[in-house]
1. (1) open to solvent by 50 Å² or more (accessible area, probe 1.4 Å); (2) over 18 Å from ALA104 (Cβ atoms); (3) not in a helix (DSSP H, G or I): which one isn't true of LEU14, the others all being true?
2. What residue, of LEU81, LEU55, is touching a Ser or Thr at 6+ places or on another chain (Cβ under 7 Å) and more than 23 Å from ASP160 (Cα to Cα)?
3. Which of the residues that make up segment 83-111 are under 16 Å from GLU33 (Cβ atoms) and small (Gly, Ala, Ser)?
4. Could you tell me which of the residues THR107, THR146, THR131 is closer than 15 Å to VAL52 by Cα, touching a Phe, Trp or Tyr at 6+ places or on another chain (Cβ under 9 Å) and hydroxyl-bearing (Ser, Thr, Tyr)?
5. Could you please find all residues in segment 74-125 being hydroxyl-bearing (Ser, Thr, Tyr), within 17 Å of the chain's Cα centre (by Cα) and surrounded by fewer than 22 Cβ atoms within 10 Å (Cβ to Cβ)?
6. Look through ILE7, ILE71 and report the one residue that is assigned to a strand (DSSP E or B), open to solvent by less than 70 Å² (accessible area, probe 1.4 Å) and of a type in the set (A, V, I, L, M).
7. How many residues are buried (at least 17 other Cβ atoms within 10 Å of the Cβ) and more than 17 Å from ASN188 (Cα to Cα) when one looks only at segment 43-60?
Amino acid sequence: MKNLPTIRIKNNYLLEDRFELPKLPEKVVKEYEKAWFKDNIGERILRAMTSVTGLTFAQNIIDVYIVNPDIRWSISDPMILGGGIKPSEMPRWLAHELIHRLAADNTTGINWHFVTQKVYKHKYKKESISTLNHVMIHAILEAIYTKLGLTNEIIHDIEDHKNNHNYARAWEIVEAEGYQKIIEKISNGIQLL
């Protein structure tokens, strides 16, 4: 069984102060923590993620900063989630960013984002790098939620991102090619680097 990182969900008052962000009520952080740890979903997501990819996180601890109650966006490094995400959606949003982190910073030292770009750049030469990277992210996300029997989360993710061209296009490619085939191609494409 692979070691999983400890996920620490917290507010970052320095980010709020330095970047003049609206203050996040502490209750939002508590609600996000509760959502991540409810029914052990966070650990189940991490186990499925490492199982599906065969990768191990390079980091033992990942701090997740929750900022600004008015936004619904997230980034993977540093790991930041907007405080406008509903607590019930938070595990899926965090899973998305954790896939980015695992793909970029794992014990193999191989960045799956670069592999994905090499594998798909000829077939999808008109697509942006963001779209190509999200083909990999969405394929892994679908594999995770399929493995966990929570396929409704995939439907919610597609709906949440229908107005983001790169994400919506990536979901179209995943639906057309199949998440298993995409993950297999990326796994086999590592020798291209």
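The values are calculated or read from the model by the stated rules, or taken from the named source; none is laboratory data. All values derive from a computational prediction rather than experimental measurement. As a convention, Cβ positions derive from the backbone with ideal geometry for all residues, glycine included, and neighbour counts pool all protein chains shown. Heads up: the accessible areas ignore ligands, DNA and RNA and are worked out on the full protein's heavy atoms, side chains in. Shrake-Rupley method; radii C 1.70, N 1.55, O 1.52, S 1.80 Å.
1. (3)
2. Numbers: LEU81 fails: more than 23 Å from ASP160 (Cα to Cα).
Exactly one residue qualifies, and that residue is LEU55.
3. Once the filter is applied, which keeps residues that are under 16 Å from GLU33 (Cβ atoms) and small (Gly, Ala, Ser), segment 83-111 yields GLY83, SER88, ALA95.
4. Details: THR107 fails: closer than 15 Å to VAL52 by Cα; THR131 fails: closer than 15 Å to VAL52 by Cα.
Criteria check complete, one pass: THR146.
5. Here is the first cut: in segment 74-125, the residues hydroxyl-bearing (Ser, Thr, Tyr) are 74, 76, 88, 107-108, 116, 120, 124.
Applying the additional criterion that residues be within 17 Å of the chain's Cα centre (by Cα) yields 74, 76, 88, 116.
Listed by number, the residues that qualify are SER74, SER76, SER88.
6. Working: ILE71 fails: assigned to a strand (DSSP E or B).
Criteria check complete, one pass: ILE7.
7. Of the residues in segment 43-60, 6 are buried (at least 17 other Cβ atoms within 10 Å of the Cβ) and more than 17 Å from ASN188 (Cα to Cα).
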